[in-house]
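Here is the structure we will look at.
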Amino acid sequence: MNFTGSHILSIEQFERADIQRVFDVADAMEPYALRRRVTRVLEGAILGNMFFEPSTRTRVSFGSAFNLLGGDVRETTGFESSSITKGESLYDTARVLSGYSDVICMRHPAAGSVAEFAQASRVPVINGGDGANEHPTQALLDLYTIRKELRSKGRTLDGLRIAMIGDLKHGRTVHSLCKLLCLFDRVQVTLVSPQELSMPEYLVEGLRNAGHQVVVTDNLQTSISRIDIAYSTRIQEERFTSKNEADLYRGRFRLNQSIYTEYCEPNTVIMHPLPRDSRQEANELDNDLNANPNLAIFRQTDNGVLVRMALFALVLDVVDQVEKYSRDV
Ligand code: CP
């Protein structure tokens, strides 16, 4: 893949060598993310950060990543602060905003909308989540995290054993992660959800066609006993027709310290794209796991900055200049 000037819309754009390239550049970004060095390589550049659905991590980490490379951020949050509310099309919005920005990150509730926007944009567009479709940068940071966690245990991504748990029908992070895992070898994937919220069949087929072993189940306890990664997801209430319908499924696959201790192998890594539901009756990842050293959720969020810095540097073709424009703090 030639990253320079490319839109990042789907994991389907990536080959295995591209993933390695992103991870290598992300590793090189660590001194800047940790504020040990400062770079101004993107000085004068502007990120248009356009989020038409709520976001904490993706929006702020894209902005922080751009700032850490020396660039400025202009932000639109919610339809109410955009002229889309007045009936403006995605085409016109893209033509206008791409005249103000060097790169645009976008989240939108409709599947396919970020790709539609990108077609009219004159600058690269990065998908920050389009409806229940994809969240490619989350999958990249998730896999980057998994690789780091496995490496500390002497393991590699090939041969990974992972359980994805929760609302697999609407969870765009697990959709992108499934596509990403197809690039690796001998992966064992257990998909744990109520039948009504199961992983879309085309993604299950994709994993099987990649030669992976896939188990589909609604039994949490038996699914987490021989895995490396327990990847939990929340019930995506915003994709249901009503709160009552979403309530039917909340708390069904709750992971807490006592379940972890009873069923998981020692050192099983716990992940979640966040946000997790903090309400006691609904939460899928209990707060009593916070002291568990294998809870990697905040390592995921930190890694998100590194991966997003890497994507900006690759898309804007400044990887080789980051160090030249840098200094010690
Ligand atoms: N993981 C994730 O997409 O979080 P936000 O919705 O807070 O961006």
Residue 129 meets each of (1) within 16 Å of the ligand (Cβ to nearest atom); (2) in contact (Cβ under 8 Å) with a residue 60 or more places away in the chain; (3) outside any strand (DSSP E or B) with one exception, condition (3)
Heads up, the strands (runs of 3 or more DSSP E) in segment 9-103 (entirely inside) with at least 3 residues that are within 16 Å of the ligand (Cβ to nearest atom) are 46-51, 72-77
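Rundown of residues vs (1) within 27 Å of residue 24 (Cβ to Cβ); (2) away from the ligand (no atom under 13 Å from the Cβ), yes/no style:
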residue: 268; (1), (2): no, yes
residue: 272; (1), (2): yes, no
residue: 288; (1), (2): no, yes
residue: 298; (1), (2): yes, no
residue: 323; (1), (2): yes, yes
Note to self: When you check residue 104 against the structure, is it within 24 Å of residue 326 (Cβ to Cβ), among the hydrophobic types (A, V, I, L, M, F, W, C), surrounded by 22 or more Cβ atoms within 10 Å (Cβ to Cβ) and in the same structural domain as residue 309 (by TED's automatic domain parsing), yes or no?
What the structure shows: no
Notebook entry, point to check: Does residue 176 meet the test of being closer than 26 Å to residue 136 by Cβ, within 16 Å of the ligand (Cβ to nearest atom) and either out of contact with any Phe, Trp or Tyr (no Cβ under 9 Å at 6 or more places or on another chain) or among the small types (Gly, Ala, Ser) (or both)?
Noted result: yes
Quick count over segment 22-60, residues being of a type in the set (Lys, Arg) and touching a helix residue (DSSP H, G or I) at 6+ places or on another chain (Cβ under 7 Å), is 2
Residue pairs within 9 Å by beta carbon, gap of at least six or interchain, first lying in segment 51-65 and free of Cβ contacts under 8 Å to residues at least 60 places away in the same chain, second more than 6 Å from the ligand (Cβ to nearest atom) and among the acidic types (Asp, Glu), listed first then second, are 54/238; 63/75
Flagged pairs (Cβ under 7 angstrom, 6 or more apart or on separate chains; first in segment 31-43, in the same structural domain as residue 73 (by TED's automatic domain parsing) and of a type in the set (Ser, Thr, Tyr); second crowded, with 16+ Cβ neighbours inside 10 Å and assigned to a loop (DSSP other than H, G, I, E, B)) are 39/69; 39/70; 39/322
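The values are calculated or read from the model by the stated rules, or taken from the named source; none is laboratory data. In this text, all values refer to a predicted model and were calculated from it rather than measured experimentally. Using ideal geometry, Cβ is built from the backbone for each residue, glycine included, and neighbour counts are taken over all protein chains shown.
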